[in-house]
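To start, the structure itself, in structure tokens.
What follows is calculated from the coordinates using simple rules that are stated; it is not laboratory data. None of these values were measured; they are calculated from a predicted model. Positions of Cβ are generated from backbone atoms using ideal geometry, with glycine treated the same way; all protein chains shown enter the neighbour counts.
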Amino acid sequence: MATFEGLSEEQIKIIEKSRRRVVDSIGNNMDLYGVTTSIGHLYGMMYFHEGAVTLDEMGEEMGLSKTSISTGMRTLVDLKMISKIWGKGSRKDLYEVEEDWHQNFVDYFSIKWRKSMEMNMSALNKSMTELRKLREQNLDNEKLGQLIEYDMAKMEHALRYYRWLDRFIDVLESGEIFDLIPREEES
């Protein structure tokens, strides 16, 4: 955390209270990113920390085991919300927050959506191939043909959505999203 040198006890209490409120809010909203509240709190605490931190420092600060902190750090690294960095003269791993929340959003949702999209498109394509084969083998069965046409139309509808989602992810990853919806300038 930033040093409070030269501040009164009252000033320190107000700053700590405001930070706790933000950290709690981050922790409570991290379910959006599919992570636990405690990992959200870890990110929030790191967000207000001045400079890189070690597992030991965060474990001590949060009152959690090194194993819990390590798991949380690994999750946040995987989400690209923090980075492991090299520190001159330090044999311990150092971690720092990726402060660009816009990029955090893009990275997280691009990874999750692309994985989901690819998995679902694969299942749809495989199912459609099987249905086409079934249809070809049973051209004289009108009832089966109608059922297959119905299912194929539903699956094609889903594929159109996933192709759109693929283009949307491309817009996120390329940064074009910020041409459409610009970031607010810092004041």
>> No solvent, one uniform scatterer per C-alpha: report log10 I(q)/I(0) for the stretch 112-154 via the Debye equation at q = 0.14, 0.20, 0.31, 0.35 1/Å, two decimals.
In response: -0.39, -0.62, -1.02, -1.14
> Helix 9-29 versus the longest principal axis of the chain: what is the Cα-based angle in degrees, 0 to 90, to the nearest 10?
Replying inline: 10 degrees
>> If I fit a long axis through the Cα atoms of helix 66-78 and take the longest principal axis of the Cα atoms of the chain, what angle between them do I get, 0 to 90°, rounded to 10?
In response: 50 degrees
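Would you work out the Kirkwood radius for the stretch 102-180? I mean one over the mean of 1/r across all pairs of different Cα atoms, in Å. Write down the numbers at each step before the final one.
Numbers: mean 1/r = 0.0694 Å⁻¹.
Mean inverse Cα-Cα distance, inverted, gives 14.4 Å.
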> For helix 37-47, what angle does its Cα long axis make with the longest principal axis of the chain, in degrees from 0 to 90 and rounded to 10?
Replying inline: 50 degrees
>> For percent of Cα pairs over 28 Å apart, one of [x] 28; [y] 17; [z] 48 was computed from the structure I shared and the rest are decoys. Which label?
In response: [z]
>> Nearest 500 deg cm²/dmol is fine: what mean residue ellipticity at 222 nm does the chain get from its DSSP H runs of n ≥ 4 alone, each adding -39,500 (n - 2.57), divided by its residue count?
In response: -23000 deg cm²/dmol
> Roughly speaking, what is the stretch gain from ASP166 to HIS102, that is 0.36 nm per residue apart minus the C-alpha to C-alpha distance, in nm to one decimal?
Replying inline: 21.1 nm
> Under 28 Å Cα-Cα from LYS112, which lysines qualify once same-chain neighbours fewer than 8 residues away are excluded?
Replying inline: LYS66, LYS80, LYS84, LYS126, LYS154
> Per the Debye formula with a single identical scatterer at each Cα and no solvent contribution, what log10 I(q)/I(0) holds for the stretch 9-98 at q = 0.20 Å⁻¹?
Replying inline: -0.94
> From the residues ILE85, ALA123, GLY40, which one has its Cα farthest along the dipole of the chain in the positive direction, the dipole being from +1 and -1 charges on Cβ of Lys/Arg and Asp/Glu about the Cα centre?
Replying inline: ALA123
> Highest GNM mean-square fluctuation, the chain, Cα pairs closer than 10 Å: which of GLU61, GLU118, GLU136?
Replying inline: GLU136
